[in-house]
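The values are calculated or read from the model by the stated rules, or taken from the named source; none is laboratory data. Computed from a predicted structure; not experimentally measured. FYI the Cβ positions are ideal-geometry reconstructions off the backbone, even for glycines, and counts take in every protein chain you see. With ligands, DNA and RNA removed, areas are computed over all heavy atoms of the protein, side chains included. Shrake-Rupley method; radii C 1.70, N 1.55, O 1.52, S 1.80 Å.
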Amino acid sequence: MFKRVFNSFNRLFTSEQEPQYPQHAVVVPRDQHSVSRRQLSRNALKVMKILNEAGFEAYLVGGGVRDTLLGGAPKDFDVATDATPEQVRKLFRSARIIGRRFKIVHVRIGREIIEVTTFRAGHDTSADSNASRQSEHGMLLRDNVYGDLRSDALRRDFTVNALYYSLDGFTLHDYTGGLQDLEARQLRMIGNPRTRYQEDPVRLLRAVRFAAKLDFEIEPSTAAPIAELAPLLSNIASARLFDECLKLFLSGYASATFARLREYQLLGQLFPASEQCLAEGKPQELGLIERVMNNTDRRLANEQRVTPAFILAALLWAPLQRALAEQQGQPPAAAMHKAAQAVVEAQLRHTAIPKRFLITMREIWDLQGRLPQRGGKRAERLLEHPRFRAAYDFLLLREEAGEDLGGLGKWWTQYQNANEEERLAMVGKLPQGNSKPRRRRRKPNKPRPSTD
Ligand code: ATP
Ligand code: MG
């Protein structure tokens, strides 16, 4: 990965386990690390070059450096610079300043967006409440105090996310021991973990996400406060939490992430009703979610499409069953409608969910109730439903998880593979109630539309 250029990184600890960081970075020359320009985004390199030529510092940082060092393909590339957002914007025609809590510049080159951030400093160095604000829980409400490279490194979350790559000699710069942690496959918070989680509780989720994605161990003092501080997530805007949920479950490591979310008692903050059901320990309910997570990871690995609606349908399936049980005596469609409504309403108090995903999730649920009803023309019609495929996949996973649906999944598999004649025969063989065509009751006085 990189040759050892230092034997021990001097991470000194005070009695409060407050790490001290050196004034100067450990600089690893090009011939002693494995990051080559060929592995990096040409567009990110171009952005860095333009910044350098305008007299600014520019470094590649974050996942782009971390994942390249680990031999993987980075998802995106972030650049850190001493140019202010306004200065960056003036250099690039395609630049847009976004964000309030964090001002970031998006530079679009072709189809790629390079995120350019100005070096930040710790918020305690500024008395300017316009630039930096903190809530009563110690949460950073605004973080736009600019600083130098070292202060920028120290305000990042984990040591492996604070490695900087420079075009000046193609060197790596490390202030926090990130290279050592990368080699030891450890995720370590920079600074005092408790304080850093309090500043931004989303770091609790990021810890679990990176540990799962990188298959790293969470270093003990970084792991220790997670479960206890988990309730701080209730202070995070529900839309930001939903964005994080997408990253947790749609980055290709949903399965490992889900297990760790439960281990660190974070699932209950995101999906409290689901966690409550899972705590009852019914293997089928956990089994369904695990299968859906595995399935999602597999589809992403094969570059197949995935929808968050499918994952949400699985996560909230057990709460839906509890809510349905409370609707006994109601006609099935009405019961499903009311139960789904109640589950969704409760969930939206914790995470936002865009309407389009809610609609698809509810269609998948509705179809679970309709797939057993195959008589007459119903099977044929169900096959035409735009969500049939998702609903059928969901049904198979329910059966795989141990639900006994009387061979319904197998029936639908055969039906899809059968020709017209075979399909008719299959429907004909269904037990009575199911094979009778649905009788439509007409309103007595309504005139029938003319057909000529
Ligand atoms: P990936 O893009 O693969 O999810 P990443 O490490 O690039 O991983 P981003 O969310 O793109 O993560 O953020 C880029 C960098 O910005 C991080 O590596 C980290 O240094 C810093 N960062 C992002 N979010 C936070 C945060 N909440 N607190 C502190 N630093 C952060
Ligand atoms: Mg990134």
(request) Could you identify the single residue in Val79, Val88 that is modelled with pLDDT of 95 or more, within 16 Å of ligand 2 (Cβ to nearest atom) and open to solvent by less than 10 Å² (accessible area, probe 1.4 Å)? (result) Val79
(message) Suppose the filter is within 16 Å of ligand 2 (Cβ to nearest atom), of a type outside the set (A, V, I, L, M), under 30 Å from Leu51 (Cα atoms) and at pLDDT 95 or above; does Gly191 pass it?
(response) no
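Report yes if Gly409 is open to solvent by less than 40 Å² (accessible area, probe 1.4 Å), part of a loop (DSSP other than H, G, I, E, B) and in contact with a Leu (Cβ under 7 Å, 6 or more places away or on another chain), otherwise no. I'd like the intermediate steps shown before the answer.
Details: open to solvent by less than 40 Å² (accessible area, probe 1.4 Å): yes; part of a loop (DSSP other than H, G, I, E, B): no; in contact with a Leu (Cβ under 7 Å, 6 or more places away or on another chain): yes.
For Gly409, the condition - open to solvent by less than 40 Å² (accessible area, probe 1.4 Å), part of a loop (DSSP other than H, G, I, E, B) and in contact with a Leu (Cβ under 7 Å, 6 or more places away or on another chain) - is not met.
From Arg381, Arg389, Arg423, which residue is open to solvent by 50 Å² or more (accessible area, probe 1.4 Å), in a helix (DSSP H, G or I) and within 30 Å of Glu275 (Cβ to Cβ)?
On the way: Arg381 fails: within 30 Å of Glu275 (Cβ to Cβ); Arg423 fails: within 30 Å of Glu275 (Cβ to Cβ).
Checking each option against the conditions leaves just Arg389.
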(message) Cβ-Cβ under 8 Å, sequence separation 6+ or interchain: first residue in the range 73-94 and closer than 11 Å to Thr118 by Cβ and near ligand 1 (Cβ under 9 Å from one of its atoms), partner open to solvent by less than 40 Å² (accessible area, probe 1.4 Å) and among the hydroxyl-bearing types (Ser, Thr, Tyr). Which pairs?
(response) Ala80/Tyr59; Ala80/Thr117; Ala80/Thr118; Ala80/Tyr164
(request) Just need a number here: residues in the range 184-205 that are open to solvent by 20 Å² or more (accessible area, probe 1.4 Å), in contact with a helix residue (DSSP H, G or I) (Cβ under 9 Å, 6 or more places away or on another chain) and over 17 Å from Gly138 (Cα atoms). (result) 3
(message) One residue is enough: does the range 137-145 have a residue meeting the conditions of a type in the set (Asp, Glu), modelled with pLDDT under 95, buried (at least 18 other Cβ atoms within 10 Å of the Cβ) and assigned to a strand (DSSP E or B)?
(response) yes
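Within the range 153-178, restricting attention to residues that are part of a helix (DSSP H, G or I) and surrounded by 24 or more Cβ atoms within 10 Å (Cβ to Cβ), which residue is nearest to ligand 2 (Cβ to nearest atom)? Give the steps one after another, and end with the answer.
The first filter runs over the range 153-178 and keeps only residues part of a helix (DSSP H, G or I), leaving 153-154, 159-161, 178.
Those left that are additionally surrounded by 24 or more Cβ atoms within 10 Å (Cβ to Cβ): 153, 159-160, 178.
Numbers: Ala153: 16, Thr159: 16, Val160: 12, Gly178: 15 Å.
Out of the qualifying residues, it is Val160.
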(request) Return a yes/no flag: does the range 316-337 have any residue that is under 19 Å from the mean Cα position of the chain (by Cα) and either surrounded by 14 or more Cβ atoms within 10 Å (Cβ to Cβ) or farther than 24 Å from Leu233 by Cβ (or both). (result) yes
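Looking at the range 323-337, can you tell me whether even one residue there is touching a residue at least 60 places away in the same chain (Cβ under 8 Å) and not aliphatic (A, V, I, L, M)?
Of the residues in the range 323-337, the ones touching a residue at least 60 places away in the same chain (Cβ under 8 Å) are none.
No: the range 323-337 contains no residue that is touching a residue at least 60 places away in the same chain (Cβ under 8 Å) and not aliphatic (A, V, I, L, M).
What do you reckon, is Glu403 under 19 Å from Leu288 (Cβ atoms), open to solvent by less than 60 Å² (accessible area, probe 1.4 Å) and in a loop (DSSP other than H, G, I, E, B)? Step through it out loud before you land on a result.
Numbers: under 19 Å from Leu288 (Cβ atoms): yes; open to solvent by less than 60 Å² (accessible area, probe 1.4 Å): yes; in a loop (DSSP other than H, G, I, E, B): yes.
Criteria met by Glu403.
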(request) Taking the options Ile226, Ile236, name whichever one is surrounded by 15 or more Cβ atoms within 10 Å (Cβ to Cβ), of a type in the set (Val, Ile, Thr) and without any contact (Cβ under 8 Å) to a residue 40 or more places away in the chain. (result) Ile236
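Going by the conditions given, is Val208 open to solvent by less than 20 Å² (accessible area, probe 1.4 Å), out of contact with any Lys or Arg (no Cβ under 6 Å at 6 or more places or on another chain) and of a type in the set (Val, Ile, Thr)? Steps first, please.
On the way: open to solvent by less than 20 Å² (accessible area, probe 1.4 Å): yes; out of contact with any Lys or Arg (no Cβ under 6 Å at 6 or more places or on another chain): no; of a type in the set (Val, Ile, Thr): yes.
For Val208, the condition - open to solvent by less than 20 Å² (accessible area, probe 1.4 Å), out of contact with any Lys or Arg (no Cβ under 6 Å at 6 or more places or on another chain) and of a type in the set (Val, Ile, Thr) - is not met.
Of all residues in the range 58-76, which are among the aliphatic types (A, V, I, L, M) and either assigned to a strand (DSSP E or B) or within 13 Å of ligand 2 (Cβ to nearest atom) (or both)? So that I can check it myself, show each step before the final result.
If we filter the range 58-76 for residues that are among the aliphatic types (A, V, I, L, M), which is where we start, we get 58, 60-61, 65, 69-70, 73.
Those that are among the aliphatic types (A, V, I, L, M) and either assigned to a strand (DSSP E or B) or within 13 Å of ligand 2 (Cβ to nearest atom) (or both): Ala58, Leu60, Val61, Val65, Ala73.
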(request) Looking only at the range 258-301, count how many residues are open to solvent by 50 Å² or more (accessible area, probe 1.4 Å) and in contact with an Asp or Glu (Cβ under 7 Å, 6 or more places away or on another chain). (result) 2
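For the range 373-414, enumerate the residues that are touching a residue at least 60 places away in the same chain (Cβ under 8 Å) and hydrophobic (A, V, I, L, M, F, W, C).
Filtering the range 373-414 for residues touching a residue at least 60 places away in the same chain (Cβ under 8 Å) gives 373-378, 390, 393-394, 397-398, 400-403.
Of everything in the range 373-414, those that are touching a residue at least 60 places away in the same chain (Cβ under 8 Å) and hydrophobic (A, V, I, L, M, F, W, C) turn out to be Ala390, Phe394, Leu397, Ala401.
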